[in-house]
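J.: Got a structure for you, written out below as structure tokens; questions coming shortly.
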Amino acid sequence: MSFLFVSDHPALDFAATVAWRTTRPVELLGEPGDFARWAAEAGLVDRLETVSRADLTAARALREAIYRLALAAAEGGPADPRDVARVRRAAAHPPVRPALRDLGRVERRGGVREVLATLGAGAADLLGGPDRLLIRRCAGEPCTRLFLDRSRAGTRRWCSKRSCGSRVNAAAYRRRTHRHDRA
């Protein structure tokens with residue numbers, strides 16, 4: 001299985017590693033290796049060597065804090081101080097640092113702590129800055145993905161036009177043509 005990166009921010013894509021949260025939750029980080037693969041596919045590191053069960057538990061806890069805070073931002077709700085503290089603690093560590101290897105070639109190395117620090121710092125920057133006002137929840141059912149709406153009009157409804165948007169538009173088309181057929 002590969003991960004989707006359509007939220008326009010790594011912290012929001014990380015929060016989306018639980019799919020269909022409100023209907024049939026699917027944990028996409030079921031094993032330590034899944035987190036290592038996600039971090040590499042997200043471009044945070046070239047390769048994440050060792051991920052323990054404890055590391056996975058810490059990653060999931062950070063993910064849930066980021067999701068709750070981003071959802072609060074999207075819905076105009078209050079932030080839980082415990083979630084703010086968890087993001088702050090993660091961001092306090094040194095992040096993954098890119099190293100230029102050659103022209104056009106960068107290397108990103110780090111362990112779990114550096115990856116979590118990078119995610120925490122990114123979440124802090126997003127949730128503490130003006131872009132928090134761009135966070136939206138996908139209108140496609142049963143999707144629960146959060147994304148940044150950078151559309152000119154600020155009216156984007158779906159995390160991805162190809163998946164959720166296409167599914168919603170196809171369902172609307174079927175409803176319209178079904179009503180027309182019955183008339």
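J.: Show me the helices (runs of 4 or more DSSP H) found entirely inside the range 66-183 where at least 1 residues are more than 21 Å from the chain's Cα centre (by Cα) and modelled with pLDDT under 95. Break it down into steps so the answer makes sense when it comes.
T.: Working: elements: 81-91, 112-128, 166-182.
Because the criterion is at least 1 residues that are more than 21 Å from the chain's Cα centre (by Cα) and modelled with pLDDT under 95, the helices (runs of 4 or more DSSP H) in the range 66-183 that meet it are 166-182.
J.: Please give the number of the condition P78 fails out of (1) farther than 30 Å from T22 by Cβ; (2) open to solvent by 40 Å² or more (accessible area, probe 1.4 Å); (3) out of contact with any strand residue (DSSP E or B) (no Cβ under 9 Å at 6 or more places or on another chain).
T.: Looking at each condition in turn, P78 falls short on (1).
J.: One residue is enough: does the range 5-16 have a residue meeting the conditions part of a loop (DSSP other than H, G, I, E, B), free of Cβ contacts under 8 Å to residues at least 12 places away in the same chain and closer than 16 Å to C138 by Cβ?
T.: Within the range 5-16, none of the residues are part of a loop (DSSP other than H, G, I, E, B), free of Cβ contacts under 8 Å to residues at least 12 places away in the same chain and closer than 16 Å to C138 by Cβ.
Residue-wise test of (1) in contact (Cβ under 8 Å) with a residue 60 or more places away in the chain; (2) farther than 24 Å from P98 by Cβ.
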{"residue": "R21", "(1), (2)": "yes, yes"}
{"residue": "V26", "(1), (2)": "no, yes"}
{"residue": "R37", "(1), (2)": "no, no"}
{"residue": "L44", "(1), (2)": "yes, no"}
{"residue": "T50", "(1), (2)": "yes, no"}
{"residue": "Y67", "(1), (2)": "yes, yes"}
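J.: While we're on this one: Going through the range 17-39 one residue at a time, which ones are surrounded by fewer than 16 Cβ atoms within 10 Å (Cβ to Cβ) and outside any loop (DSSP other than H, G, I, E, B)?
T.: Matches in the range 17-39: V26, E27, G33.
J.: Right, another one. In the range 32-77, what residues are in contact with a helix residue (DSSP H, G or I) (Cβ under 9 Å, 6 or more places away or on another chain), basic (K, R) and more than 16 Å from A91 (Cα to Cα)?
T.: Passing the criteria: R47, R53, R68.
J.: Would you say A90 is open to solvent by less than 40 Å² (accessible area, probe 1.4 Å), free of Cβ contacts under 8 Å to residues at least 40 places away in the same chain and touching a helix residue (DSSP H, G or I) at 6+ places or on another chain (Cβ under 9 Å)? First the steps, then the outcome.
T.: On the way: open to solvent by less than 40 Å² (accessible area, probe 1.4 Å): yes; free of Cβ contacts under 8 Å to residues at least 40 places away in the same chain: yes; touching a helix residue (DSSP H, G or I) at 6+ places or on another chain (Cβ under 9 Å): yes.
Considered against the rule, which asks whether it is open to solvent by less than 40 Å² (accessible area, probe 1.4 Å), free of Cβ contacts under 8 Å to residues at least 40 places away in the same chain and touching a helix residue (DSSP H, G or I) at 6+ places or on another chain (Cβ under 9 Å), A90 comes out as yes.
The values are calculated or read from the model by the stated rules, or taken from the named source; none is laboratory data. Only a predicted model underlies this, so the values are computations on that prediction, with no experimental measurement involved. Every residue, glycine among them, receives a Cβ derived from its backbone with ideal geometry; neighbour counts consider all protein chains shown. In case anyone asks, the SASA skips ligands and DNA or RNA and just uses the protein heavy atoms, side chains included. Shrake-Rupley method; radii C 1.70, N 1.55, O 1.52, S 1.80 Å.
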